[in-house]
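The structure appears right after this line, and notes come after that.
Read-outs: derived from the displayed coordinates by stated rules, not from any lab. These numbers were taken from a predicted model, which means no experiment stands behind them. Glycine gets a Cβ as well: all are built from the backbone with ideal geometry, and neighbour counts include every protein chain shown.
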């Protein structure tokens, strides 16, 4: 079911059993290397984390990205596809490409500069011809916007999706990705006008805990409901921590949460202790050059299930 009601969500969530036969984290991941890294003016129109007045260093971004790929290999295999100078935002592939078991999902991006990324035949061929995945292609639809796991956060342990509605995902897009991912429950809610993607204000850590930046949600009862669902096993972020991308985190294994070095440095001792109590180490990588483009570590990672 799809709901926009916090009360209805909590009732449905409580009735769901965890699925012990379903993987809670990805079996592999893929990244797209930066090529002639630059800031895309189109994306900056609704990404308030970008500052077009800042200069960028393409070689530094490339080096940081390579270090990221190597670090993540501690938890799962990581494939890196080459970048394309005509698509400067392609370093954030999770918005365009995502997977469910045996299925590649291609999103419908809002901005033309990002819509071009969905045309990557090498990525489609990798999943279709090599891995034998079927394909659900939303990129050709003009009746919706659906930026996949930028807008959608998934608790794979329960088959639950949290979808933030914004200029990057409308209700029609939410319904399409609900079906594409084969979810059991989706909680849809509006983000505040200053937010573009859910994955900077919410992270679900292997189905066991959550990171929440409450000021990113239009309705305060929404983050309260999510925190209640996870029995307060929650890292609550301040606005400054959210701006440092502490919410843009991901688990690629059961016992580590990955975030950028700036994000990790923003955490308090109490927050680190809570993560440790839930069985998570913190893995971090310096990504300050890449973060100038308005995204951070989780944005760089497309999961393979």
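Can you sort 1, 259 by how many other beta carbons sit within 10 Å, fewest first?
Ascending Cβ contact count within 10 Å gives the list 1, 259.
For the chain, set up a Gaussian network in which alpha carbons nearer than 10 Å are linked by springs, and say which option among 69, 14, 100 fluctuates the most.
Residue with maximal mean-square fluctuation among 69, 14, 100: 14.
GNM on the chain, C-alpha springs below 10 Å: top fluctuator among 195, 135, 291?
Comparing 195, 135, 291 in the GNM, the peak value goes to 135.
For the pair residue 221 and residue 59, how long in nm is the line joining their label points, each one 7 Å along Cα→Cβ?
5.6
Between residue 268 and residue 103, what length in nm is gained on full extension when 0.36 nm per residue of separation is reduced by their alpha carbon distance?
55.5 nm
Quick one: 149, 87, 251, fewest Cβ neighbours within 10 Å first, how do they rank?
87, 251, 149
Set the Förster radius R0 to 51 Å, insert the Cβ-Cβ distance between residue 15 and residue 121 as r into 1/(1 + (r/R0)^6), and round the FRET efficiency to 0.05.
Once the sixth-power term is evaluated, E becomes 0.75.
Determine, from the Cβ-Cβ distance of residue 8 and residue 141 and an R0 of 30 Å, the FRET efficiency 1/(1 + (r/R0)^6), rounded to the nearest 0.05.
Computed FRET efficiency for residue 8 and residue 141: 0.60.
Tell me the Rg and the Dmax, in Å, that the Cα atoms of the stretch 250-305 produce.
11.9, 33
What does the convex hull of the Cα atoms come to per residue for the stretch 2-304, in Å³?
114
What is the fewest-to-most order of 21, 122 by other Cβ atoms lying within 10 Å of their Cβ?
Ordered from fewest to most neighbouring Cβ atoms within 10 Å, 21, 122 come out as 21, 122.
Quick one: if the Förster radius is 30 Å, what FRET efficiency do residue 80 and residue 22 give, using the C-beta to C-beta distance and rounding to 0.05?
0.65
Tell me the mean residue ellipticity at 222 nm calculated for the chain from its helices only (DSSP H runs of n ≥ 4, each -39500 (n - 2.57), averaged over every residue, nearest 500).
-7000 deg cm²/dmol
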